[in-house]
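Q: Next up is a structure, given as structure tokens.
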Amino acid sequence: MKKAYEDLTFADNFMFCKIMSTKPELCRRLLELVLEIKIRQVGVPVNQKGIEITYDGKGVRLDAYVEDENNTIYDIEMQKVDTKELPKRSRYYQGMIDLDLIERGAHYNKLNKSFVIFFCLTDPFEKGFPVYTFENICIQDKEVFLNDETVKVFVNASSTAPGISEGLKNLFHYIETNEAVDDLTDEIRECVTEAIEHKMWRIEYMTNNAF
């Protein structure tokens, strides 16, 4: 049974997509927190960006797709249930992003750096890390990186690992309890409250989940 609209939280896909695609500054702050990098600004995120390479091929619909001032691409996904397919799904998403970026006949060095990021409510690799970051490296020499500028990130919101940053700890606490404990989570809480009052979004949600 589908949730009532007023019961949606930030961890629900519909709410996550709407907030992330309409609040670029919040999106930027979340990316900085998770990736531990500085991002000066991001463009307006695209909600549920569809990529269809061929008419009859399998396309994708990305939750929140955003580009920063350095033309780095970020695909941000919310994953409430562990479907046991996230590694290959992340591979497929990154490939589709590349196909969408490059024009026929263009040089491969025109491909943007890209991140595919999954916010997971359970630990996808069962090692307890708050964030798992994957880049392509040489098996024979771990100091040799492929440098293809593709990064896959899995955020484990269930992590209680020692040494976790205060910001991530507060974010995970909010995702689990809906209790805001700092400026960032309070802003997310306010965004959810505003979204619940958004009549058009309510109609869209109810229409899409009528059956």
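The values are calculated or read from the model by the stated rules, or taken from the named source; none is laboratory data. What you see is a predicted model, and the numbers here were worked out from it, not measured in a lab. Positions of Cβ are generated from backbone atoms using ideal geometry, with glycine treated the same way; all protein chains shown enter the neighbour counts. With ligands, DNA and RNA removed, areas are computed over all heavy atoms of the protein, side chains included. Shrake-Rupley method; radii C 1.70, N 1.55, O 1.52, S 1.80 Å.
Q: If you take the residues in region 179-211 that are modelled with pLDDT of 95 or more and polar (S, T, N, Q), which one is nearest to the chain's Cα centre (by Cα)?
A: Within region 179-211, the match that is nearest to the chain's Cα centre (by Cα) is Thr185.
Q: Looking at region 77-101, I want the residues that are without any contact (Cβ under 8 Å) to a residue 60 or more places away in the chain and have a partner that is in a helix (DSSP H, G or I) and polar (S, T, N, Q) with Cβ atoms under 9 Å, at least 6 apart or on another chain. Which pairs are those?
A: Going by the 9 Å Cβ cut-off, the qualifying pairs are Glu77/Asn13; Glu77/Ser90; Gln79/Asn13.
Q: Looking at region 178-211, which of its residues are open to solvent by less than 60 Å² (accessible area, probe 1.4 Å) and either among the small types (Gly, Ala, Ser) or farther than 14 Å from Arg29 by Cβ (or both)? Quick ask: steps written out before the conclusion?
A: The first filter runs over region 178-211 and keeps only residues open to solvent by less than 60 Å² (accessible area, probe 1.4 Å), leaving 180, 182, 184-188, 191-192, 195-196, 201, 205, 209.
Scanning region 178-211 gives Ala180, Val192, Ala195, Ile196, Trp201, Tyr205, Asn209.
Table: residues versus (1) under 26 Å from Asp12 (Cβ atoms); (2) open to solvent by 30 Å² or more (accessible area, probe 1.4 Å); (3) out of contact with any Gly (no Cβ under 6 Å at 6 or more places or on another chain).
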| residue | (1), (2), (3) |
| --- | --- |
| Met78 | yes, no, yes |
| Thr83 | yes, yes, yes |
| Leu101 | no, yes, yes |
| Asn109 | no, yes, yes |
| Lys113 | no, yes, yes |
| Glu126 | yes, yes, yes |
| Val131 | yes, yes, yes |
| Asn136 | no, yes, yes |
| Ile139 | no, yes, yes |
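Q: Still on this model: For region 23-44, name all the residues that are of a type in the set (A, V, I, L, M), part of a loop (DSSP other than H, G, I, E, B) and either in contact with a Pro (Cβ under 7 Å, 6 or more places away or on another chain) or open to solvent by 30 Å² or more (accessible area, probe 1.4 Å) (or both).
A: Residues satisfying the conditions are Ile37, Val44.
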